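Heads up: the structure comes next, in structure tokens.
Derivation of every value follows stated rules applied to the coordinates shown; laboratory data play no part. Values in this document were obtained by computation on a predicted structure and should not be read as measured data. A quick note on method: Cβ atoms are made from the backbone with ideal geometry, for glycine too, and the neighbour counts reach across all protein chains shown.
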Amino acid sequence: MSPHRMRPDAISHHITDATLLRYATGRLPAGPALVVSVHLEGCPACRAKVAAFEAVGGALLDEAPPELMAPDALARLLARIDGDAPAEPQPLRKRPARKRPVNKRPLPDFPGDLRVPSALRACEVGPWRWMGPGMRMSRVDIPGAPGSGAILLRIGPGRSLPEHGHGALELTQVLSGSFSDEMGRYQPGDVSETDEDVDHTPVVDGDGECICLVALEGGMLFRGLMGRLIQPFVRF
Amino acid sequence: MIRTRARRVSGSMNAAETFPLRGRPALCLVAPAGKAVTSVAPDETVPSAPALARFILVIAAQQDRQAFTWLYRHYAPRLKSFFLRSGLAPNVAEELAQETMLQVWRKAALFDPQKAGAGTWIFTIARNLRIDFLRREKIPSVPDDDLPDEPDGAPNSEAVLLTAEREARVRGALQSLSTEQAAIVHLSFFGEKPHVEIARELGIPLGTVKSRVRLALARLRALLDGEA
């Protein structure tokens, strides 16, 4: 793989088709869906797959057997439309990062080279909390889905990512720095997707700290020593 | 009647004609003033994909209620069906179908035929509304579209055609899946807990479902990639 990490085509760890399909169908819980959104911002290949799966949804919609609507449903909707201000449909979700200052709190400090993904800007991100030597975390609250359990991890060079229980989908997107596990090296833009079938031991590479966005599906995050430290800050 | 109009449009698949610039609406798709559209039953006719896309462009260009009515007659009953099959109660399904169509009206200017066909675009609106409903807050979903694939530019008729081809290819791919693979794809869209539900509905052990889902998706992807 090319070492030019700034180029999107250099992304070497992607999200599986099964998870992208769940994302496209709207079946992924908010936390993992946020990680997928962040990954998609930098990954044209996964974006193309999601677009294809959405087209499948469009085909299924077009083929769906029509259900009878209430007799006055169209008339009621046209009346609501009449109540709308004339024309000028505002581009509701164009460039949310610039036009919607949704953060009530300032983002925690990030290294200068970290470009905060716009999906993350739409969230409320807590301050960095010290979790142990070389380890900090920050809670990410997704609008409309409080306690959905996405967190940012900031781990020092050479340290392991905190041990956690698998049992469901876990997504870890690298925002800054890099880590390695049995599957290879993960750099900014890469995502690690694991589940109960995967046993891996990610370790931050020696040349600098690593910032990741992490989300798990299911009710369990870090356990053991780290669990006692982290759980108070993550609601499940 | 709609069908003949739609055929005429798709018959002359000149992109510039089929998808004119906004502000130059395709009047051939809009009924003459005073035409009694109510005489057209919801599913007597099924507009073609380009015709449906065109309705949205006309809505965007001139807030055309006639085009909206046609679009509504096609999609509202199908949206209700879609929501019902995904497990929502009938009154909720109808309400979300209404909300989806309202968003279609309000966001018509955001519809980009270079990116998606009408059904796909409306599907994503419906999906996001369902997510919002399930989250019990009317807050926009995490941004997942409007990402620039390329620098913005003038409408690219070639891109529109490529998108139309992809949509057609998807439909073809769906039809060439095996019965079980098609069922897996359907259940992925309509089942609340895909793997568990698929296992139950297909009567296969949960343990084998994941590999079958992988296979079904691999096949679907292979079919979709056929062009590349």
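Counting only other chains, and only Cβ atoms inside 10 Å, what mean value do you get across the residues of B:75-81?
That average works out to 6.
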Rough spin-label spacing in nm, given labels placed 7 Å along Cα→Cβ, for residue A:198 and residue B:208: 2.6 nm
Ranked A:49, B:210, B:115, B:80, criterion: other C-beta atoms within 10 Å, fewest first: B:210, B:115, A:49, B:80
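What is the local net charge at residue A:157, summed over the other residues whose Cβ is closer than 12 Å to its Cβ (Lys, Arg +1; Asp, Glu -1)?
For residues surrounding residue A:157, the net value is -1.
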In nm, give the distance between the simple-model label positions of residue A:205 and residue B:133, each being 7 Å from the Cα along the Cα-to-Cβ direction. 4.6 nm
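What list do you get for A:142, A:211, A:81 if you sort them by fewest beta carbons within 10 Å?
With the sparsest Cβ surroundings first, the list reads A:81, A:211, A:142.
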Hey, fewest Cβ within 10 Å first, where do B:133, B:82 land in order? B:133, B:82
